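The structure under discussion appears below in the form of structure tokens.
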Amino acid sequence: MSRLETEQSASPPNGQPSGGFGGRRRKDPHETRLGDFLKACIKLEASDLLVKAGKAPVVRIRGSLKALDTPPVTDEEYDRIIDHALSDDLKEDLRKFGSADFAYDYDEGHRFRINLFKTRGRYSMAARLITSNIRKFDELYLPPVMADIAMQPQGIVILSGVTGSGKSTTIASMLDYINERKPVHIVTIEDPIEYIFQDKKATIHQREVGIDVSDF
């Protein structure tokens, strides 16, 4: 097991932003153990965090799953996590559809994409640590035609693939490729926002479903 050092605190750690969690009504995740789980994920350099009601949280480190050395998450504790982590809109999504997706900026260098869902009547969560670095075309070994597509002045491009195939990473790389080369206005609608872009030649506005816009 990987040791989890629990730090129950009503205030965020140094460098922790006060907002950025779960939509309009933003609360501090360190009011529950979720903040400690995310911190452990970062400290252990894990790619994923899995939190299942009735079980100890599990992290994925270099492809292998390891349980954290901490007590299981109870159903009552999950209720508190949901109360602190989700906005009213996301709570409604969870009630209606059985799942809710959102992103959380733990600090300036660490961002998580989180899916909270129900399974057999109990809650579970899958959180993926998203790198803050947007990778270049040559780092992803994308075919040259992708650069040609990115520079087209108009049209519709559909990028599809299975979960974990690199869709978000590829799209972010394409947008930053445009950002570095063209003085254009880029508007994204995302659910949730994953990569944060800095204006270069382009001006970029990123809008998140449920916060900046009602839907796609």
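The values are calculated or read from the model by the stated rules, or taken from the named source; none is laboratory data. As the structure is a computational prediction, the values presented were derived from the model and not from experiment. Cβ: placed from backbone, ideal geometry, glycine included. Neighbour counts: every protein chain shown.
From the list V51, V59, the lone residue that is part of a strand (DSSP E or B), among the β-branched types (V, I, T) and touching a Cys at 6+ places or on another chain (Cβ under 6 Å) is V59. Scan region 178-195 and give yes if some residue there is in a helix (DSSP H, G or I), under 17 Å from the mean Cα position of the chain (by Cα), surrounded by 10 or more Cβ atoms within 10 Å (Cβ to Cβ) and charged (D, E, K, R), otherwise no. No: zero hits.
The set of residues in region 96-119 being closer than 17 Å to T131 by Cα and acidic (D, E) consists of D105, D107, E108.
Residues that are more than 22 Å from E194 (Cα to Cα), surrounded by 15 or more Cβ atoms within 10 Å (Cβ to Cβ) and among the hydroxyl-bearing types (S, T, Y) within region 70-90 comprise T70, Y78, listed in sequence order. Quick one: would you say I193 is more than 27 Å from C41 (Cβ to Cβ) and of a type in the set (A, V, I, L, M)? Judged against the criteria, I193 is not a match.
Quick grid of which residues meet (1) aliphatic (A, V, I, L, M); (2) more than 17 Å from R113 (Cβ to Cβ); (3) modelled with pLDDT of 85 or more; (4) under 17 Å from the mean Cα position of the chain (by Cα):
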position	(1), (2), (3), (4)
G23	no, no, no, yes
G35	no, no, yes, yes
A56	yes, yes, yes, no
R62	no, yes, yes, no
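Residues considered: D93, D107, D101. Of these, the only one that is surrounded by 15 or more Cβ atoms within 10 Å (Cβ to Cβ), at pLDDT below 95 and within 23 Å of K167 (Cα to Cα) is D101.
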